[in-house]
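First the structure, in the form of structure tokens, and then the observations on it.
A short reminder: the numbers here are calculations on the coordinates, not readings from a lab. Please read all numbers here as calculations on a predicted model, not as lab measurements. Glycine gets a Cβ as well: all are built from the backbone with ideal geometry, and neighbour counts include every protein chain shown.
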Amino acid sequence: MYLTKKENSMLNGENGYSVKKSMEILVALGEIYNAEKLIDVGSVQVSGVSYHNLGDAGLEFLEELAKDGKVKVLTTLNPAGMDLENWKNLGISEDFAKKQKMVINAYERMGILISCTCTPYLIGNLPRYGEHIAWSESSAVTFANSVIGAKTNREGGPSALAAAFVGKTPYYGLHLDENRIPNIHVQVDSSLKKISDFGALGYCIGTKAENKIPYLTGIQKADVDELKSFSASIVTYGSKPLYYIEGITPGYEKYQIPKEKIIIEQNDLQVAYSQINDEVSDIELVCIGCPHCSIKEISQIARLLSNKQISPKTEFWVASSRAAKQLSDVHGYTKIIERAGGKFACDTCMAVAPLKGRFKSVATTSAKGCYYSRQNKMLTKMGGIKECIDAAVTGKWK
Ligand code: F3S
């Protein structure tokens, strides 16, 4: 891979330990994927934040890098293993909290914005159309590529951090226009009425389109929350972190409709629900906010919870960025949700918090949330916001 004089000096250690280590990672990646050069990135989103996933080895690695590593571009973080302020209220242990705070402190010393969210595009880390970025979290990567039209591979935690320290990433994969051409036509012949229908659709396409880039027709409308839910689901269940929706996402008009075609009918969505949902009626945890709730979703939750009470048998979490929660505080939504017995889980999520063994069942709006909850040994139910609120209030899935 071609390196400029400056890049070579970074690789040789003239800019310190962290930059040298980062260049080694970027050059190794570039050589594996035959990248011709490094390119500038506008922003970075780093995963590998939860102490639950990092463990002591990961924490040690970060502390070493934090000794002299400083990010060169706007860099934000993926959800951590706990709410950084309200962790006690969510049942997190002192030991875990201590280690999680050490992880966050290391990132802070690197100059990273401590905004732990998988929806960085809702809180100021918003790239422009066509901009090269290096993001990690799969739903955010898919949203950035597809809905915003930025260009990013799905980075691992170390390669994203390396891109942040150098301000560059190898020029390969989805950074190249020739790798962004849709190659399967997905005709959607089913109606999409609630947010979880977009999760079910993502499941259908992810499992059927395998590693192809879908070009969807037949979707009349989709708002940002539905697109973030779809982005999370499609990549979790299988396909590349890029799709086009005719008439909705940018750039589709540059391409011809691909010849290979699959059709998604109403029955396919029902099959998806039956695969994602388990046989369970008592619900111990309801979590809305995978990907993290927007202020619009929080306002819907507050409206549905007004004058209601969460069942004493059920815990109800609203997972969001801290910035969205602050807006919610100002607008009075937080008060309504907390008065009903709900809790905010800022900075964290149902997949990266240490939940294994705490709840036997979960209801959520998110197909991705169900996927990861099953890994945490929970039985899952997916439905719209209203169905989830009903489950939180009655403790039952109807
Ligand atoms: Fe975000 Fe966690 Fe879901 S990272 S997409 S809330 S599994």
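On alpha carbon coordinates alone, what is the Rg over Rh value for the chain, Rh being the Kirkwood radius? We get a ratio of 0.98 for the chain.
Gaussian network model of the chain, Cα springs within a sub-10 Å range: biggest mean-square fluctuation belongs to which of Asp223, Asp278, Asp197? Result for the chain, Cα springs under 10 Å: Asp223 fluctuates most. For region 277-394, the relative contact order is 37 percent, taking Cα pairs closer than 8 Å that sit 6 or more residues apart in sequence and dividing their mean separation by the residue count.
Using Cα pairs under 8 angstrom and six or more residues apart, how large is the relative contact order of the chain, in percent? Please list the in-between numbers first.
Details: 896 pairs, mean separation 69.2, N = 398.
Computed over the chain, the figure is 17 percent.
Of all beta bridges that DSSP places with both ends in region 5-177, some 25 percent have antiparallel geometry.
With Rh defined as the Kirkwood radius, the inverse of the mean 1/r over Cα pairs, the Rg/Rh of region 254-353 is 1.12. Among Met1, Met102, Met10, the order by Cβ neighbours within 10 angstrom, fewest to most, reads Met102, Met1, Met10. Here region 181-275 was treated as a single set of alpha-carbon atoms; its pair distances binned every 5 Å from 0 give 3, 15, 28, 30, 19, 5, 1, 0 percent. Counting 0.36 nm for each residue step from Arg374 to Leu59 and taking away their Cα separation leaves a gain of 110.7 nm. Here the chain carries DSSP beta bridges of which approximately 10% are antiparallel, counting only pairs with both residues inside. Computed on region 5-177, with alpha-carbon pairs under 8 angstrom and 6+ residues apart, the relative contact order is 34 percent.
With a cut-off of 13 Å between beta carbons, the residues surrounding Ile262 carry a summed charge of -1, where Lys and Arg count +1 and Asp and Glu -1. Between region 232-306 and region 382-398, the alpha-carbon centres lie 18 Å apart.
Stretched out straight at 0.36 nm per residue, the stretch from Thr207 to Asp95 would grow longer than its current Cα-Cα span by 36.4 nm.
So if I take the alpha carbon set of region 5-177, get Rg, then get Rh from the Kirkwood formula, what is the Rg over Rh ratio?
0.98
Fewest Cβ neighbours within 10 Å first, please rank Cys346, Cys204 accordingly.
The order, fewest Cβ neighbours first, is Cys204, Cys346.
A simple count of charges around Asn12, restricted to other residues whose Cβ falls under 14 Å of its Cβ and scoring Lys, Arg +1 and Asp, Glu -1, yields +1. Here His292, His185 are placed in order of increasing Cβ neighbour count within 10 Å, fewest first, which gives His185, His292.
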